[in-house]
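Engineer: Mind looking over this structure? Questions follow.
The values are calculated or read from the model by the stated rules, or taken from the named source; none is laboratory data. Only a predicted model underlies this, so the values are computations on that prediction, with no experimental measurement involved. Backbone-built Cβ (ideal geometry, glycine too); neighbour counts: all protein chains shown. These area figures cover heavy atoms from the full protein model, side chains too; ligands, DNA and RNA do not enter into them. Shrake-Rupley method; radii C 1.70, N 1.55, O 1.52, S 1.80 Å.
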Amino acid sequence: MRDEIAVFDNAGIQPFGVNPATPDSHWKYVEKMRFNFPLLSDADRNIARAYQALKEDERGIIRTVYVVSRDGRIVFAQRGAPPPAEVAAAVRGGA
C-alpha cells in the first residue's frame, strides 16, 4: 500500500492496516517501514475474527484485503495481497 498510495487516493479509498501487535510496537514499525497510512492494533484479534482472517490456531493472521464502503457494505474481499490497481478497479466497478 505504501508505495502505491496514489492508486488508493485516486479511487477515493482510505487504506489502513490492522495487525495483532500492540500500539506501542506499531510506532516503531510504522517509522521503520515509512507507512503513509494508519496501522491499527488488534491485540485481542477481534477484528481478525470478525473478518474471518484468523488461522485455525486462533493466533496467526491470514493476510486479507477488505474494502468497506462508506455505507458499511463490503465491496471487495480477497485473501493475500491483491495488486492495488485490482482493488481500485473493483471498488470503481462496485461503487
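Engineer: Taking the range 55-95 on its own, how many of its residues are in a helix (DSSP H, G or I) and of a type outside the set (A, V, I, L, M)?
Structural biologist: Number of matching residues: 5.
Engineer: For the subset of the range 40-71 comprising residues that are open to solvent by 90 Å² or more (accessible area, probe 1.4 Å) and under 25 Å from residue 12 (Cβ atoms), which member is farthest from the chain's Cα centre (by Cα)?
Structural biologist: Per the criteria, the residue is 71.
Engineer: Could you tell me whether the range 8-17 includes any residue that is out of contact with any helix residue (DSSP H, G or I) (no Cβ under 8 Å at 6 or more places or on another chain) and assigned to a strand (DSSP E or B)?
Structural biologist: Yes, the range 8-17 contains a residue that is out of contact with any helix residue (DSSP H, G or I) (no Cβ under 8 Å at 6 or more places or on another chain) and assigned to a strand (DSSP E or B).
Engineer: Moving on. Being basic (Lys, Arg) and modelled with pLDDT of 95 or more, is that true of even one residue in the range 72-84?
Structural biologist: Scanning the range 72-84, I find at least one residue that is basic (Lys, Arg) and modelled with pLDDT of 95 or more, so the answer is yes.
Engineer: Please work out which one of (1) within 14 Å of the chain's Cα centre (by Cα); (2) open to solvent by 70 Å² or more (accessible area, probe 1.4 Å) is the condition residue 24 fails and give its number.
Structural biologist: Every condition holds for residue 24 apart from (1).
Engineer: For a quick check of your reading of the model, give me the residue pairs whose first member lies in the range 52-69 and is farther than 16 Å from residue 19 by Cβ, whose second is open to solvent by less than 60 Å² (accessible area, probe 1.4 Å), with beta-carbon atoms closer than 7 Å and at least 6 apart or on different chains.
Structural biologist: 67/13; 67/75; 67/76; 67/87; 67/91; 69/75
Engineer: Cβ-Cβ below 9 Å, separation at least six or inter-chain, first residue in the range 24-43 and modelled with pLDDT of 90 or more and of a type in the set (Lys, Arg), second surrounded by 11 or more Cβ atoms within 10 Å (Cβ to Cβ) and in a helix (DSSP H, G or I): which pairs?
Structural biologist: If the second residue must be surrounded by 11 or more Cβ atoms within 10 Å (Cβ to Cβ) and in a helix (DSSP H, G or I), the pairs left are 34/2.
Engineer: If a residue has to be open to solvent by less than 70 Å² (accessible area, probe 1.4 Å) and more than 12 Å from the chain's Cα centre (by Cα) to count, how many in the range 72-92 make the cut?
Structural biologist: 7
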